[in-house]
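For reference, the structure discussed in these notes is given below.
Read-outs throughout are calculated quantities, based only on the coordinates presented, and are distinct from any laboratory measurement. What you see is a predicted model, and the numbers here were worked out from it, not measured in a lab. Cβ placement follows ideal geometry from the backbone for every residue including glycine, while neighbour counts extend to all protein chains displayed.
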């Protein structure tokens, strides 16, 4: 069962089939993927990602939520915790948090609001506060969100041939 989390303005809930078009549109937008994989996702790639969202919850008891506005239910983005078996040095040794927002929802404070809500759930679920995330060095907005919620850089490395910054919450 995927928990529903509500904040002042947002609802985080499990993905449903009806959400695929919005998710695929976001992941096909070069403004979103510029720092996440470097290129827009095809529908096939978006479907594979979309299908992993409920799969991780089913297999691991945690995963990614769909983020929507409480007022009206507009799609905001995707975010949560995952286990992606990344081929990365140094290896990630804590639950990995991630988030992505559709461009029309960026700059409204939604990312910070959603990330804080996810962290509140995760601290209770995992019984820990130390989580990790990886962010492209050029992704200033995500670095600002990460810093606001307590993430600090602990390593720089490459992932799939691209530079990346690893961050940890103490």
**Complete:** Expressed in angstrom and rounded, the centroid-to-centroid distance over alpha carbons for region 129-170 and region 89-113 is 10 Å
**Message:** Suppose each label sits 7 Å from its Cα in the direction of the beta carbon; what would the residue 158-residue 94 distance come out to in nanometres?
**Reply:** 2.7 nm
**Request:** Could you tell me which of rounded, prolate or oblate describes region 30-73, using a ≥ b ≥ c as the square roots of the eigenvalues of the alpha-carbon gyration tensor, with rounded for a/c under 1.5 and, failing that, prolate when a/b is larger than b/c and oblate otherwise?
**Result:** oblate
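Over the Cα atoms of region 1-40, compute the convex hull volume and normalise it per residue, giving Å³.
105 Å³
So between residue 39 and residue 71, what do we pick up on full extension, going 0.36 nm a residue minus the alpha carbon distance? Numbers along the way, then the final one.
Details: separation 32, 0.36 × 32 = 11.52 nm, distance 3.16 nm.
Gain on extension, residue 39 to residue 71, equals 8.4 nm.
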**Request:** Determine the shape class of the chain: with a ≥ b ≥ c the square roots of the Cα gyration tensor eigenvalues, call it rounded for a/c under 1.5, and otherwise prolate if a/b is greater than b/c, oblate otherwise.
**Result:** rounded
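For a quick check: sort 12, 92, 167, 116 by the number of other beta carbons within 10 angstrom, fewest at the front.
Sorted ascending by nearby Cβ count, the order is 116, 92, 167, 12.
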**Prompt:** Fewest first, what order do 47, 99, 57, 65 take by the number of other Cβ atoms within 10 Å?
**Reply:** 47, 57, 99, 65
**Complete:** One finds, for residue 86 and residue 8 with R0 = 22 angstrom and r their Cβ-Cβ distance, a FRET efficiency to the nearest 0.05 of 0.10
**Prompt:** How many nm is it between the label spots at residue 31 and residue 112, if each spot is 7 Å from the Cα in line with the beta carbon?
**Reply:** 2.0 nm
**Fill in**
Most exposed to least, judged by fewest other Cβ atoms within 10 Å, 169, 144, 34 sort to 144, 34, 169
**Request:** Specify whether the C-alpha gyration tensor of region 1-77 places it in the rounded, prolate or oblate class, a ≥ b ≥ c being the square roots of the eigenvalues: rounded for a/c under 1.5, otherwise prolate if a/b is larger than b/c and oblate if not.
**Result:** oblate
